[in-house]
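Q: Submitted below is the structure of interest, expressed as structure tokens.
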Amino acid sequence: MISTERSAIAAEFTRRFSHLAEKLGPDHLNLLLDGASVQEVPAGRAVIRDRMPVDFLYFVLDGSLGVYIENADKSQRIATVQPGEWLGEISVLSGEMLASATITPDSVSKLMKIHHLTFEKLIAEDEVVAKALLEDLIGLMAKRLRTTQTNG
């Protein structure tokens, strides 16, 4: 990334993921950003498709995305993902590298993405990054489980 662009992405990431950025600190945040790229996805274009391979983890920087479960020929919305949340984590943790849902933006969405292999390398090689990312991921999954139990 160009330094001006990188600074803007670092600032945006820090604003949306302040707790994670604080745990990482500037040096470890730079390690994370080294392996990341940013993309804007238009409303209605699937980022992840149910039961299809997932190669990236996504950090939602801006926009709102719907989470859909595919049953036969029907799609059922089960959740909404907001800025400050991740996508693609279940495929990494399960080891299957397959999506468990379809994720489609409700509006133009800005996502920072990191390839699974880059994520795994960061986790394996840097204890501070591993602890911060895994703690954040566990917190996000616990929040989603509580929301599902409350709404279900």
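Q: What is the spin-label model distance, in nm, from Ala11 to Asp27 if the labels are put 7 Å beyond Cα along the C-beta direction?
A: 2.5
Q: Let me know the charge dipole size of the chain about its Cα centre in debye, to the nearest 20, where only the beta-carbon of Lys, Arg (+1) and Asp, Glu (-1) is charged.
A: Computed about the Cα centre, the dipole is about 480 debye.
Q: A further question on this structure: If the cut-off is 20 Å between C-alpha atoms, which aspartates and glutamates fall inside it for Lys131, apart from same-chain ones fewer than 8 positions away?
A: Hits, sequence-local ones excluded: Glu22, Asp27, Asp34, Glu85, Glu89, Glu120.
Q: Which one of Ala8, Trp86, Leu65 has its Cα pushed farthest toward the positive end of the charge dipole of the chain, where Lys and Arg give +1 and Asp and Glu give -1 at the Cβ?
A: Going by the Cα projections, it comes out as Leu65.
Q: If you project the alpha carbons of region 3-151 onto their three principal axes, what span does each projection cover, largest first, in Å?
A: Cα spread of region 3-151 along its principal axes, largest to smallest: 47, 29, 29 Å.
Q: Something else: For region 40-107, rounded, prolate or oblate, judged on the Cα gyration tensor with a ≥ b ≥ c (square roots of eigenvalues), a/c < 1.5 rounded, else prolate if a/b > b/c?
A: Cα axes put region 40-107 in the oblate bin.
Q: State the Cα centre-to-centre distance between region 98-117 and region 46-95 in whole Å.
A: Answer, in whole Å: 6.
Q: Same structure, new question: May I ask you to give the average projected area over all directions of the convex hull of the Cα atoms of region 12-60, in nm² rounded to one decimal?
A: The Cα convex hull of region 12-60, projected and averaged over all directions, gives 4.4 nm².
Q: Please list, in order, the residues from region 83-119 whose amide nitrogen is less than 14 Å from a point placed 7 Å along the Cα→Cβ vector of Ser18.
A: In region 83-119, the label zone of Ser18 (backbone N under 14 Å from the point 7 Å along Cα→Cβ) covers 84.
Q: Moving on to the next point. Name the helices (complete DSSP H segments) of the chain with a Cα length along the long axis of 30 Å or more and a Kyte-Doolittle mean of at least -1.0, or state none.
A: Helices passing the filter in the chain: 127-151.
No lab work stands behind these numbers, since they all come straight from the coordinates. Just so it is clear, the structure is predicted and the values come from calculations on it, not from any experiment. Cβ: placed from backbone, ideal geometry, glycine included. Neighbour counts: every protein chain shown.
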